[in-house]
Amino acid sequence: MKEALKILESAEDFESIDISEDISIDVLRDIFYALSDKVRLEIISLLIDNGEMCVCKFQEIFKISQPNLSFHLGILRKSGLVKTRRKGTWMNYSLNGENEVLKNLIPLIKKAV
């Protein structure tokens, strides 16, 4: 416990995180759950690099079943990390630029993936 307190006392990086609105523990849990899976992290990374992407591109890249891909995209949507836009019969996904937690995590995600 003392070790954890030392880390918190010396962590100057916490000051660089900019969250202007209140965030509930449930919202934060949903975000971290969404980012706890490699496929979902890679989807976020692809969206960081490419902007909006069609679900059909994700199917080509990940070579997973459509229900499995829909499951992952649904979790990202529920957490508020991505937005959707229908274009004809396809659904396009993009990062939710209004999500302040995601904005703060993008540099870390880019470094890791």
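Computed from the coordinates by the stated procedures, all read-outs in this text should not be read as laboratory data. All values derive from a computational prediction rather than experimental measurement. Here the Cβ is made from the backbone with ideal geometry for all residues, glycine too, and neighbour counts use every protein chain on show.
Do you know the relative contact order of segment 23-112, to the nearest whole percent, from alpha carbon pairs under 8 angstrom that are 6+ apart?
Values: 79 pairs, mean separation 28.5, N = 90.
The normalised contact order for segment 23-112 reaches 32 percent.
Applied to segment 50-64, the Karplus parametrisation 6.51 cos²θ - 1.76 cosθ + 1.60 on θ = phi - 60° returns per-residue 3J(HN,Hα) values of 10, x, 5, 9, 7, 4, 4, 5, 4, 4, 5, 6, 8, 6, 10 Hz, with x for Gly and Pro.
Can you bin segment 22-86 into rounded, prolate or oblate? Criterion: square roots of the alpha carbon gyration tensor eigenvalues sorted a ≥ b ≥ c, rounded for a/c under 1.5, prolate for a/b above b/c, oblate for the rest. Note, shape of segment 22-86 comes out prolate. So if R0 is 25 Å, what FRET efficiency would E42 and D22 give, r being the distance between their Cβ atoms, rounded to the nearest 0.05? That pair, E42 with D22, gives E of 0.25.
What list do you get for T89, T84 if you sort them by fewest beta carbons within 10 Å? If you can, show how the numbers build up before the last one.
Details: T89 6, T84 14.
Least to most surrounded, the residues fall as T89, T84.
For a footprinting-style exposure proxy, rank R85, R40 by other Cβ within 10 Å, fewest first.
The order, fewest Cβ neighbours first, is R85, R40.
Rounded to the nearest Hz, the phi-derived 3J(HN,Hα) couplings of segment 98-113 under the Karplus curve 6.51 cos²θ - 1.76 cosθ + 1.60 (θ = phi - 60°) are 8, 7, 5, 5, 4, 3, 6, 8, 3, x, 5, 5, 4, 6, 7, 9, where x marks glycine and proline.
Using the number of other C-beta atoms within 10 angstrom as an exposure proxy, rank D30, D22 with the fewest first. Please list the in-between numbers first.
Values: D30 17, D22 6.
In increasing order of surrounding Cβ atoms, one gets D22, D30.
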